[in-house]
Amino acid sequence: MIIKSKKDKSNISLNERKSSFKQFYKILFISILLVSFTLKSSLANEGLETVFHVYSEGNYIGVLSDDTIIDQIEKEMLKEAATKYVDQSLSIGSNLTVVQERVFTAGADDALVLDKISELLSVQADAIGLYIDNELVLNLKDISDYNEVIRELKLQAVTEDELSAYELQKLSSTPIPPLKENETRLANIIISSEIDTKKEQVKPEDIMTVNDAITYLNKGTLEEKKYSIQAGDHVGKIANNYNMPTAKLLEINPGLTPETILRIGDELSITAVEPFLEVEVHYETKSVQLIKHEHTKEEDNSTYKGVTKLKQEGSDGKKEITELIRKKNGQVVGKSVIEENILTEAKDQITIVGTKVTPSRGVGTFMWPAAGGYVSSQMGRRWGRSHDGIDIARPSSFTIKASDNGVVKFAGWDSTYGNKVIINHNNGYETLYAHLSAINVKVGQILPQGASLGVMGSTGRSTGVHLHFEVRKNGSLVNPLTVLR
């Protein structure tokens, strides 16, 4: 007895076969029977015939009169598969064992056995399995396709020129030259997960093209599913039906909110994009940046309050910075300084600020001279002549106050102004207060800011109770509203 074994080449499911081969087997079997009949007749004188017992994984399948038919079936299966799966390395997977025996009575049932064998044979293709974090994600035709997939994923994050330069540098033993000013270059490309490859044998239809593989790795699916809005639907209900948080449904449908009115027939995406891989890109960049100078003040109690002097002119500095910039999906996700060199120190601008205060000298800031009230008349042309100040009316009390520290220069009657007070603030400013019903100060008197100097009235050329208030600097009129605080 002679035993011949066929090596198992696949773990493919036996139920997934191409039924189109069955008819072929049966037609071929009829032809073999005719040949077999002739052979049997020639052997009749000997009284012995050769048969072939077929087993699959130890299970008996049946008896064949000719085992070469198995090889012929395999060749036909490969021939047909090759027309559909071009450029793939194909083979037949089975787990058949054939035992040859010489018997007096053949008892072969070729048609039945060939039907069973057709269910056990399957076409396989050599493939490269792509594993992410030790889990098989997809199959590719060969290592060349794998390399192309990885390269295309990188090209989603960088340009062709950047990637080519980066790859050349990785292959070179020459040290990377220092960055030049305002130069940016690709420093590293990092794929988020651990990738590995293994040789596999799979069904040809389970092998992905490069484009499909990239889509699958980016989205986690090859086909995004849509849901058509039905009567009675709302966002929360749809999310619940697909076992996803409402926030997730809103995320994968930009523009959708819980308040969005859903119209019957509109479509929503219900497939969340969950990429298997993300590519993070690191850039090194060198730039010269300004160091902004600070503005500082130094108080000087020998200088009158309100007086400022420039002690030191400020100037910006320069620094050379080398940074690492991290990008993901085209967005900057982080920056860090690798190196920083000061080229020119910044020089602070220093201003001397006087703090010396005397009751006879103004501090340069003017308070409102009345107890509230409002501006009833602005400075400017009025009634055909110049109005040299502002009028303040309807205060909460009629007390008039010194707008700043100073010395009373005039206190008395003026035909136009009525009762009038002028204060010299000894810093170039003078203020005038007119139409008072009473004056409470005298010439030469020192008044601190806010001190009472009289009572609001309607003396002189006046149409009602109010205060006429003027400000002069070095003899020139100043609009009081520009200096009052």
- Message: Considering only segment 304-318, I want to know if a residue exists there that is among the β-branched types (Val, Ile, Thr), surrounded by 16 or more Cβ atoms within 10 Å (Cβ to Cβ) and assigned to a loop (DSSP other than H, G, I, E, B).
- Response: yes
- Task: Determine whether His387 is touching a residue at least 60 places away in the same chain (Cβ under 8 Å) and assigned by TED's automatic domain parsing to the domain that holds Val471.
- Result: no
- Taking segment 394-439 as the region of interest, how many residues are more than 19 Å from Gly475 (Cβ to Cβ), among the small types (Gly, Ala, Ser) and over 60 Å from the mean Cα position of the chain (by Cα)? 8
- Return yes when Val407 is β-branched (Val, Ile, Thr), farther than 13 Å from His468 by Cα and assigned to a loop (DSSP other than H, G, I, E, B) and no when it is not. no
- Note on the structure: Scanning segment 258-276 residue by residue, those in a loop (DSSP other than H, G, I, E, B) and of a type in the set (A, V, I, L, M) turn out to be Ile261, Leu262, Ile264, Ile270, Ala272, Val273
- Item | Residues (polar (S, T, N, Q) and farther than 12 Å from Ala402 by Cα) located in segment 423-444 | Asn426, Asn427, Ser437
- Test for Ala247: is it at pLDDT below 85 and either under 30 Å from Gly334 (Cα atoms) or in the same structural domain as Leu324 (by TED's automatic domain parsing) (or both): no
- Task: Test Ala239 against the criterion of being without any contact (Cβ under 8 Å) to a residue 60 or more places away in the chain, surrounded by 11 or more Cβ atoms within 10 Å (Cβ to Cβ) and among the small types (Gly, Ala, Ser), and give yes or no.
- Result: yes
- Message: Considering only residues that are under 28 Å from Ile128 (Cα atoms) and surrounded by fewer than 19 Cβ atoms within 10 Å (Cβ to Cβ), which ones fall in segment 96-115?
- Response: none
- When the residues of segment 257-270 are filtered to those that are surrounded by 15 or more Cβ atoms within 10 Å (Cβ to Cβ) and in contact with a helix residue (DSSP H, G or I) (Cβ under 8 Å, 6 or more places away or on another chain), which remaining residue is farthest from Ser193 (Cα to Cα)? Leu262
- Message: Cβ contacts < 6 Å: first residue touching a residue at least 60 places away in the same chain (Cβ under 8 Å) and in the same structural domain as Val443 (by TED's automatic domain parsing), restricted to segment 404-424; second residue of a type in the set (Asp, Glu) and assigned to a strand (DSSP E or B), any location; separation 6+ or different chain. Result?
- Response: none
- Query: If you scan segment 455-481, which residues turn out to be surrounded by 14 or more Cβ atoms within 10 Å (Cβ to Cβ) and over 20 Å from Arg385 (Cβ atoms)?
  - Reply: Val455, Met456, Gly457, Val465
- Message: So if I check each of Val103, Val98, which one is of a type in the set (A, V, I, L, M), over 30 Å from Leu217 (Cα atoms), in contact with a His (Cβ under 9 Å, 6 or more places away or on another chain) and not assigned by TED's automatic domain parsing to the domain that holds Met208?
- Response: Val98
- Looking across segment 150-175 at residues that are over 23 Å from the mean Cα position of the chain (by Cα) and surrounded by 11 or more Cβ atoms within 10 Å (Cβ to Cβ), the single one that is farthest from Val86 (Cα to Cα) is Gln169
- Which one of Ile252, Ile214 is touching a helix residue (DSSP H, G or I) at 6+ places or on another chain (Cβ under 9 Å) and not assigned by TED's automatic domain parsing to the domain that holds Lys347? Ile214
- Residue, farthest from Ala434 (Cα to Cα), within segment 381-395, restricted to residues that are modelled with pLDDT under 95 and among the small types (Gly, Ala, Ser): Gly384
- Residues in segment 425-454 that are assigned to a strand (DSSP E or B) and buried (at least 18 other Cβ atoms within 10 Å of the Cβ): how many? 12
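To keep it simple, each residue is scored yes or no on (1) acidic (Asp, Glu); (2) in contact (Cβ under 8 Å) with a residue 24 or more places away in the chain.
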{"residue": "Ile132", "(1), (2)": "no, yes"}
{"residue": "Glu152", "(1), (2)": "yes, yes"}
{"residue": "Thr159", "(1), (2)": "no, no"}
{"residue": "Ala165", "(1), (2)": "no, no"}
{"residue": "Lys170", "(1), (2)": "no, no"}
{"residue": "Thr174", "(1), (2)": "no, no"}
{"residue": "Pro177", "(1), (2)": "no, no"}
{"residue": "Arg185", "(1), (2)": "no, yes"}
{"residue": "Ser192", "(1), (2)": "no, yes"}
- Item | helices (runs of 4 or more DSSP H) wholly inside segment 85-173 containing at least 3 residues that are modelled with pLDDT under 85 | 110-120
- Flag if Pro254 is loosely packed, with under 12 Cβ neighbours inside 10 Å and under 30 Å from Lys219 (Cβ atoms): yes
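The values are calculated or read from the model by the stated rules, or taken from the named source; none is laboratory data. Predicted model only: the values in this text are computed from it and were never measured. In this analysis, Cβ positions are derived from the backbone assuming ideal geometry, glycine residues included, and neighbour counts consider all displayed protein chains.
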